[in-house]
Every structure is written in structure tokens, then in C-alpha cells.
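**Q** The structure is given below, and queries will be raised subsequently.
Bear in mind these aren't lab numbers, they're just calculated from the coordinates by the rules spelled out. Source: prediction; values computed, not measured. Cβ atoms come from the backbone with ideal geometry, glycine included; neighbour counts cover every protein chain shown.
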Amino acid sequence: MGKKTVKFTPQDIEQLPNNKPVVYKILSKGGNNNYTGSTQMGRVPNRLKDHLPGGKDHVPGSKVQIEQMNSIAEAREKEARIIARSKPKFNKKGK
């Protein structure tokens with residue numbers, strides 16, 4: 001599946017593909033994973049904007065990396081594996 005990394009800005013988020021479910025990572029300036037999430041097809045820009053300053057789930061970061069998946073179930077499984085492995089500091093326990 002396709003991977004893409006862009007600046008974590010509203011303009012760049014709008015350019016991301018939205019035609020498949022994705023797993024996304026919000027990365028710090030140093031490239032560390034601050035947060036990992038997944039979202040369904042058609043919701044990619046809206047969900048990522050929730051994490052921008054002023055959004056309902058703000059997470060600091062300078063870049064966002066997405067990986068497209070074939071299904072939302074596949075995206076959620078990969079999200080869980082990434083969280084278990086890298087323990088991003090802004091992912092809440094049990095989420």
C-alpha cells in the first residue's frame with residue numbers, strides 16, 4: 001500500500017489521499033512518533049485536522065505519515081501493533 005509523509009499543516013493534509021483507510025503517525029521535529037491512529041476512507045483530512053492546534057484532539061507534531069490499507073480492520077490491527085511496539089507518548093492507554 002502507499003505511504004506518504006507531509007508537513008503537519010492544514011494545506012498539506014488536504015493533499016493526502018483519501019480513497020482508502022489509513023494508519024497515520026504524527027511525528028515530532030526529530031522524527032519520533034508522537035501519536036498513531038487510524039481512520040476510515042473519506043475521513044483522512046478531517047481526522048488529521050482534529051489533531052492540529054485548536055482541534056478537539058490536539059497532538060504536537062511537525063509531520064504526518066500515512067499508510068493506506070485495504071480495510072479499516074487492517075488499519076486498526078496495524079495501529080495496535082505500532083502503538084504496542086513504539087508506545088507513542090500522546091496515545092492514551094486503552095485507546
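One line per residue, one yes/no per condition, for (1) farther than 18 Å from Glu79 by Cα; (2) within 13 Å of the chain's Cα centre (by Cα); (3) assigned to a helix (DSSP H, G or I):
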position	(1), (2), (3)
Ile13	yes, yes, yes
Val23	no, yes, no
Asn34	no, yes, no
Ser38	no, yes, no
Pro53	yes, no, no
Lys56	yes, no, no
Val59	no, yes, no
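One line per residue, one yes/no per condition, for (1) without any contact (Cβ under 8 Å) to a residue 12 or more places away in the chain; (2) crowded, with 18+ Cβ neighbours inside 10 Å:
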{"site": "Asn33", "(1), (2)": "no, yes"}
{"site": "Ser38", "(1), (2)": "no, yes"}
{"site": "Pro45", "(1), (2)": "no, no"}
{"site": "Lys49", "(1), (2)": "no, no"}
{"site": "Lys63", "(1), (2)": "no, no"}
{"site": "Ile66", "(1), (2)": "no, yes"}
{"site": "Ser71", "(1), (2)": "no, no"}
{"site": "Ala80", "(1), (2)": "yes, no"}
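**Q** Can I ask one more? Can you find, within segment 20-31, the residue that is nearest to Val64 (Cα to Cα) among those that are free of Cβ contacts under 8 Å to residues at least 60 places away in the same chain and in contact with a helix residue (DSSP H, G or I) (Cβ under 9 Å, 6 or more places away or on another chain)? Talk me through it step by step, then tell me what you get.
**A** Step one: filter segment 20-31 for residues free of Cβ contacts under 8 Å to residues at least 60 places away in the same chain, giving 20-24, 27-31.
Still in the running and in contact with a helix residue (DSSP H, G or I) (Cβ under 9 Å, 6 or more places away or on another chain): 20-24.
Working: Lys20: 16, Pro21: 15, Val22: 12, Val23: 10, Tyr24: 7 Å.
Of everything passing the filter in segment 20-31, Tyr24 is nearest to Val64 (Cα to Cα).
**Q** For segment 1-31: of the residues being more than 17 Å from Gly55 (Cα to Cα) and among the hydroxyl-bearing types (Ser, Thr, Tyr), which is surrounded by the most Cβ atoms within 10 Å (Cβ to Cβ)?
**A** Checking each candidate, the answer is Ser28.
**Q** OK, next. Just one of the numbered conditions (1) over 14 Å from Lys20 (Cβ atoms); (2) touching a residue at least 12 places away in the same chain (Cβ under 8 Å); (3) touching an Asp or Glu at 6+ places or on another chain (Cβ under 9 Å) is not true of Ala75; which one?
**A** Of the numbered conditions (1) over 14 Å from Lys20 (Cβ atoms); (2) touching a residue at least 12 places away in the same chain (Cβ under 8 Å); (3) touching an Asp or Glu at 6+ places or on another chain (Cβ under 9 Å), the odd one out for Ala75 is (1).
**Q** Condition first: among the basic types (Lys, Arg), outside any helix (DSSP H, G or I) and within 15 Å of Val23 (Cβ to Cβ). Now tell me which residues in segment 78-95 satisfy that. Break it down into steps so the answer makes sense when it comes.
**A** Going residue by residue through segment 78-95, those that are among the basic types (Lys, Arg) are 78, 81, 85, 87, 89, 92-93, 95.
Keeping just the survivors that are outside any helix (DSSP H, G or I) gives 87, 89, 92-93, 95.
If the condition is that a residue be among the basic types (Lys, Arg), outside any helix (DSSP H, G or I) and within 15 Å of Val23 (Cβ to Cβ), then Lys95 is the only one that fits.
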